[in-house]
């Protein structure tokens, strides 16, 4: 009886006749192809990226030569700009300006981050504070930071303080608003869990509400750093004696469009790098955030 | 001797979304004795979750008394563990860290925390998933972690609000068996909210059948079948039929 059952099973099972090494080979060749495919995609993507940059540079180089009415002083081709770039790097002027600008951005951003997160926590959690501060904060949020440049110069002088103050002002609002939204929308079930597990209001705030709203806070910080870079330029274009924005402003007076181009490109590059750094740190510091 | 929980003539009135008033509970009285496994069952709107929220201390009754060991309930606390339907784990903490959370609040040393979380992870058979985040766990695994986290404080009462409603039928059965095993081992009392008759008959020593609009207790059915219960036995079937009838008339 039992022998019969076994033989029936065997005849019903088509795998039984095939050597298990067959499946392993199939699996390995499948994985090989998968890897091959992935590598090919990455390489072709990188090649296209590079090609795009080269095409852009070629087009830029050709434009002032091809279009007869174009003034080469107003539209210097990359071959000219590269020479100036080397000079600026060698003299240390460019790096010095970058360092000064980044210092202003980071200091202003740090102040904005602390104030924005604290304000967001309180306005998002305590109805009294929210309603009390709502009209004033939203009213101030609508003022473009650039409109405050002259006031800032009068109040804080032409030194570092006025730049840092303006940057903090600009970066504060997106950080505050996003933190507020995140804190307000923390699922009530998490707060209830914390309380029933014995958390005090203070512990609930820092061990539950803060980490639960972190995804929103990170969005706010990212927007904040973007705005910080914009406000930086506004602050440096007027009443500064150093920084990348200042470099752009003076090159205008010196009629040096090549330097201006370098300044503008530097600002773009800085913005891009800061954003990439941000996403990188985010995935490193908050692994659970990406696993959700 | 006073009961663990005494609910005396409790009513709760709510505002609905169109600003009219609705009675979630009206004149409800019930006791939970030490070591009981009570299931509250009823259609939506019968106030079973409101009852759990009052005992949990998340809301206060409009009228009547809710007592814990003879004292009025003043808010949530570690003497009453709560397991919610889903998504109540802290997604930024691993399974182990979730279980250790209540001990971290109390400032328990790292070594002691570790020993306790080891013990509870083993109890729920999730030692292998200790360092995974909730986002990496299945629904059933998440609820097991939630149960362990609620039990670390060694509560007298475990409140469970439709805890297995979101998991599939197979997982549900094994979770039910697991909760019974923990209940028999650790000797806490349970108030378990469900809308599943079979679940109630399988788990409880007493079933509270509730009816909606206004939320009231319709009938209290004691279940004296011995544990572990056999879902296919005639006695089980008879009780199922009895509860089913009370539920639907």
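The values are calculated or read from the model by the stated rules, or taken from the named source; none is laboratory data. Keep in mind that what you see is a predicted model, and the values were worked out from it rather than measured. Cβ placement follows ideal geometry from the backbone for every residue including glycine, while neighbour counts extend to all protein chains displayed.
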Being within 21 Å of residue A:186 (Cβ to Cβ), surrounded by fewer than 24 Cβ atoms within 10 Å (Cβ to Cβ) and more than 8 Å from every other protein chain (Cβ to nearest Cβ) is the filter here, so list the residues in the stretch B:55-84 that pass it. B:59
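Going through A:107, A:51 one at a time, which residue ends up being under 27 Å from the mean Cα position of the chain (by Cα), part of a helix (DSSP H, G or I) and either modelled with pLDDT under 95 or surrounded by 14 or more Cβ atoms within 10 Å (Cβ to Cβ) (or both)? It would help to see each step written out before you state the result.
Values: A:51 fails: either modelled with pLDDT under 95 or surrounded by 14 or more Cβ atoms within 10 Å (Cβ to Cβ) (or both).
Within the list A:107, A:51, the selection yields A:107.
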Quick check, is residue A:45 surrounded by 10 or more Cβ atoms within 10 Å (Cβ to Cβ) and more than 27 Å from the chain's Cα centre (by Cα)? no
Within the stretch B:194-246, how many residues are under 20 Å from the mean Cα position of the chain (by Cα) and in a helix (DSSP H, G or I)? 8
Members of the stretch B:98-109 found to be touching a helix residue (DSSP H, G or I) at 6+ places or on another chain (Cβ under 9 Å), surrounded by fewer than 19 Cβ atoms within 10 Å (Cβ to Cβ) and part of a helix (DSSP H, G or I), listed by number: B:104, B:105
Might you let me know whether the stretch A:228-244 holds any residue that is out of contact with any strand residue (DSSP E or B) (no Cβ under 7 Å at 6 or more places or on another chain) and without any contact (Cβ under 8 Å) to a residue 24 or more places away in the chain? yes
Which of the residues that make up the stretch A:168-197 are crowded, with 23+ Cβ neighbours inside 10 Å and either over 30 Å from residue B:101 (Cβ atoms) or within 14 Å of chain B (Cβ to nearest Cβ) (or both)? A:168, A:170, A:171, A:172, A:173, A:182, A:193, A:194, A:196, A:197
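To keep it simple, each residue is scored yes or no on (1) crowded, with 20+ Cβ neighbours inside 10 Å; (2) under 19 Å from the mean Cα position of the chain (by Cα); (3) farther than 24 Å from residue B:127 by Cα.
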position: B:28; (1), (2), (3): yes, yes, yes
position: B:32; (1), (2), (3): yes, yes, yes
position: B:96; (1), (2), (3): yes, no, no
position: B:111; (1), (2), (3): no, no, no
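Just wondering, is there one or more residues in the stretch A:221-236 that are in the same structural domain as residue A:169 (by TED's automatic domain parsing), in a helix (DSSP H, G or I), under 30 Å from residue B:153 (Cα atoms) and touching a helix residue (DSSP H, G or I) at 6+ places or on another chain (Cβ under 8 Å)?
Narrowing the stretch A:221-236 to residues in the same structural domain as residue A:169 (by TED's automatic domain parsing): A:221-236.
Pick out the ones that are also in a helix (DSSP H, G or I) and you get A:221-236.
Right, trim to under 30 Å from residue B:153 (Cα atoms) and you get none.
No, the stretch A:221-236 contains no residue that is in the same structural domain as residue A:169 (by TED's automatic domain parsing), in a helix (DSSP H, G or I), under 30 Å from residue B:153 (Cα atoms) and touching a helix residue (DSSP H, G or I) at 6+ places or on another chain (Cβ under 8 Å).
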Check on residue A:209, within 14 Å of chain B (Cβ to nearest Cβ) and assigned to a helix (DSSP H, G or I): yes
Which condition number does residue A:165 fail, the rest of (1) modelled with pLDDT under 90; (2) within 28 Å of the chain's Cα centre (by Cα); (3) surrounded by 15 or more Cβ atoms within 10 Å (Cβ to Cβ); (4) over 27 Å from residue A:261 (Cβ atoms) being met? (1)
For a quick check of your reading of the model, give me the residue pairs whose first member lies in the stretch B:122-143 and is within 13 Å of another protein chain (Cβ to nearest Cβ), whose second is surrounded by fewer than 16 Cβ atoms within 10 Å (Cβ to Cβ), with beta-carbon atoms closer than 7 Å and at least 6 apart or on different chains. B:133/A:291; B:135/A:291; B:135/A:292; B:136/A:291
Being modelled with pLDDT under 95 and closer than 25 Å to residue A:198 by Cα is true for just one of B:64, B:77, B:27. Which residue is that? B:77
